[in-house]
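Let me begin by presenting the structure, written as structure tokens, before commenting on it.
The values are calculated or read from the model by the stated rules, or taken from the named source; none is laboratory data. It should be emphasised that the depicted structure is a prediction, and the values quoted were computed from it without experimental measurement. As a convention, Cβ positions derive from the backbone with ideal geometry for all residues, glycine included, and neighbour counts pool all protein chains shown.
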Amino acid sequence: MRRCERECDRVVVDSVLNALARCATAARARARDRSWFALYRTRFEHVARKRLTTRVCVLSSHRIAEFQSLAEMCGAERNVELEPLPGDVAESPYYFVDLPSEDVARDICARALLVRGIIDLWGYGDDLESLKAALKACPSERKAKYLAADARFKVEVEDFGIKGGSKHLVQRVEALELPFTGKVDLKSPRDLFWSMHSDVEASSGLPMTPKRMFFGRVVGKSDRTIVNKYDLKQRLYLGPTSMDAEMSLLMANMVRARPGGVVLDPFCGTGSLLIGAAHYGALTMGLDIDIRVIKHGKSANVPKGKDSKFGETAKDGSTVNVWTNFQQYNLTPPVALIRGDLHALPTRTFGLEGTLQGIIADPPYGVRAGGRKSGGRKPLADDYKIPEELLSAHIPSTAPYPFGECLDDLMDLAARFLSIGGLICFFVPGESGDPDPERELPTHPALRLRWHCLETFNTIWGRRLVTYEKVAPFDIDAARKSRAEAEAERASSTQPDLIERMRALVYATDRKRSRFDQRFKGFSPEEIKVLQKQTRERKSATSSSSPSTTVP
């Protein structure tokens, strides 16, 4: 008990010290010229809203979470502050950030997926004249080394919302009037500079950032070739819910997967999340209730247009499974793949705390297909045994797994197995435009919420990536009390929970789509447009020909 009290006191003291450190950092940053600048990579997706087609930044809220998580791992302060430029919008790709050293900046860029680069900003302005004034005001000691005669440099264009900027690179550099005396080296430069212009008026759908011009020295650049390397289109073993490569690697960054630790996926399926953790050097473990997926795999050679079922072993020797994927990428195979149930773990209760470095999961939240746990409709005798001749092909019976119960089990798993400071990252469904999303998120006395980021699928709903950190040792009494309170709250609530709301939204959308399909079944897209136009004209003619009524 004293140890728990000391740990809680330490957490409180750390929180206070971190808050004071952030305030001090912010004050120092305001008192001096900005020297760091982060340019974020943004992923966009088309979303249709009736007749209006717009673009929304799908992973805009994930950028800061990934940056802060990696910054802490690389040696920066906790919750490093990312400050937007004055007058900029929330979805802007530009942020100021103060980091301890250039080595930290390079280490962050070496792993980050949503960071385009970090530069030592020499100046920026709304137009060329203000940019030139800012470059002249930049301290000469920061520029002298890179303008010297022995320098080998290269300048690249990195614009936002502008196409064809590289054609005017020479004119841009000459207009800046910087006294470069070194040698231009396009193949192996010692120093790289970026000339960046931001103008989104000609590009519809991008965040409405103000027109600006930037110039600075590149400290670190990200490398997204690994996303293409692990592209699902080239993967040998896939399932209907295999996570895409970018999100798998992003979740591995959120839990800081690295050599010397073990990362667990309690719903591993075909192992797509484990691939991301293994790429960064972590040992991996998988748990899944379906033995067909993690042991037997499926046939790789199937007729065109058909898909092989899990558990069907190929007679021609073309069976693929989780191990095949790790061999394909030359990654260290999982320490173990366990047929197990999160609700009834095949482990002892105590003595395993601190085993895991991180947990990543995509739990079956049951919007379309519900989760399953061990169990059955008929109770079995205690001495019941499966006949030997049926043992190899036996698939245990399962029962529905309510999502609230699944989250409780997942939080208990993290509280028991993670080391102090370990992270768990998983998905929950999310509602677009929810003013208070944290009210729907689970809690645990040993875990603290660090980040939650919504990825929108449409204008109605999406999925929220949540990350918790273990901040206190596992206390079974406190865990049981917290779980009982959560269960009692769910039982007493008269309002539909998140899953019920999401299911209603999804099925309502499906019904609309079903009516559309039934009406225009067998027509080509051009014919559908003609029929829709005729329907609108008919409705318009009907409304215009109807007699009007005058109200005195």
Look through GLY366, GLY311 and report the one residue that is at pLDDT below 90 and touching a His at 6+ places or on another chain (Cβ under 9 Å).
GLY311
Taking region 263-283 as the region of interest, how many residues are modelled with pLDDT of 95 or more and among the β-branched types (Val, Ile, Thr)?
2
Residue in region 465-486 that is modelled with pLDDT under 80 and among the basic types (Lys, Arg) present
no
Please state which one of PHE426, PHE457 is of a type outside the set (Ser, Thr, Tyr), under 16 Å from the mean Cα position of the chain (by Cα) and surrounded by fewer than 19 Cβ atoms within 10 Å (Cβ to Cβ).
PHE457
Which number in (1) modelled with pLDDT under 75; (2) within 30 Å of the chain's Cα centre (by Cα) marks the one condition that ALA344 misses?
(1)
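So that you can scan it fast, the table gives a plain yes or no per residue for (1) within 22 Å of ALA472 (Cα to Cα); (2) charged (D, E, K, R); (3) over 41 Å from the mean Cα position of the chain (by Cα):
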| position | (1), (2), (3) |
| --- | --- |
| ASP382 | no, yes, yes |
| PRO387 | no, no, yes |
| ALA399 | no, no, no |
| PRO402 | no, no, no |
| ASP409 | yes, yes, no |
| ASP412 | yes, yes, no |
| PHE417 | yes, no, no |
LEU449 meets each of (1) assigned to a helix (DSSP H, G or I); (2) surrounded by fewer than 18 Cβ atoms within 10 Å (Cβ to Cβ) with one exception, condition (1)
Among the residues of region 254-268 satisfying the criterion of being in contact with a Phe, Trp or Tyr (Cβ under 8 Å, 6 or more places away or on another chain) and outside any loop (DSSP other than H, G, I, E, B), which is nearest to GLN357 (Cα to Cα)?
LEU264
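The rows are residues; the columns are (1) within 21 Å of ASP126 (Cα to Cα); (2) surrounded by fewer than 12 Cβ atoms within 10 Å (Cβ to Cβ).
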position: ALA149; (1), (2): no, yes
position: GLY161; (1), (2): yes, no
position: SER166; (1), (2): yes, no
position: LEU186; (1), (2): no, yes
position: ASP191; (1), (2): no, no
position: TRP194; (1), (2): yes, no
position: GLU201; (1), (2): yes, yes
position: PRO207; (1), (2): yes, no
Which residue out of ALA76, ALA105 is free of Cβ contacts under 8 Å to residues at least 60 places away in the same chain and touching a Leu at 6+ places or on another chain (Cβ under 9 Å)?
ALA76
Options LEU390, LEU441, LEU380, LEU407: the member that is within 29 Å of PRO259 (Cα to Cα) and either assigned by TED's automatic domain parsing to the domain that holds VAL255 or not small (Gly, Ala, Ser) (or both):
LEU407
Has region 400-415 got any residue that is in a loop (DSSP other than H, G, I, E, B) and either touching a Phe, Trp or Tyr at 6+ places or on another chain (Cβ under 9 Å) or not basic (Lys, Arg) (or both)?
yes
For region 247-285 the number of residues that are among the aromatic types (Phe, Trp, Tyr) and buried (at least 21 other Cβ atoms within 10 Å of the Cβ) is 1
Check whether at least one residue in region 93-105 is on the phi < 0 side of the Ramachandran plot, part of a helix (DSSP H, G or I), outside the structural domain of ALA257 (by TED's automatic domain parsing) and of a type in the set (Ser, Thr, Tyr), and report yes or no.
no
I'd like the residue in region 223-246 that is touching a Phe, Trp or Tyr at 6+ places or on another chain (Cβ under 8 Å) and either farther than 30 Å from ASN321 by Cβ or modelled with pLDDT of 90 or more (or both) and, out of all such residues, is surrounded by the most Cβ atoms within 10 Å (Cβ to Cβ).
ALA245
Elements of type helices (runs of 4 or more DSSP H) contained in region 124-187, each with 1 or more residues being touching a strand residue (DSSP E or B) at 6+ places or on another chain (Cβ under 6 Å) and farther than 23 Å from SER92 by Cβ:
140-147, 169-176
Unmet requirement for ALA175, which otherwise passes all of (1) modelled with pLDDT of 90 or more; (2) more than 17 Å from TYR124 (Cα to Cα); (3) of a type in the set (Gly, Ala, Ser)
(2)
Taking the condition of a type in the set (Lys, Arg), in contact (Cβ under 8 Å) with a residue 60 or more places away in the chain and in contact with a Gly (Cβ under 9 Å, 6 or more places away or on another chain), does ARG142 pass?
no
Would you mind stating whether GLY220 is under 24 Å from GLY125 (Cα atoms) and surrounded by 19 or more Cβ atoms within 10 Å (Cβ to Cβ)?
yes
Write out, first by first residue and then by second, each pair whose Cβ atoms fall under 6 Å of each other, whose residues are 6+ apart or on separate chains, and whose first residue, in region 203-222, is in a loop (DSSP other than H, G, I, E, B) while the second is among the hydrophobic types (A, V, I, L, M, F, W, C) and at pLDDT 85 or above.
SER222/CYS109; SER222/ALA112; SER222/VAL115
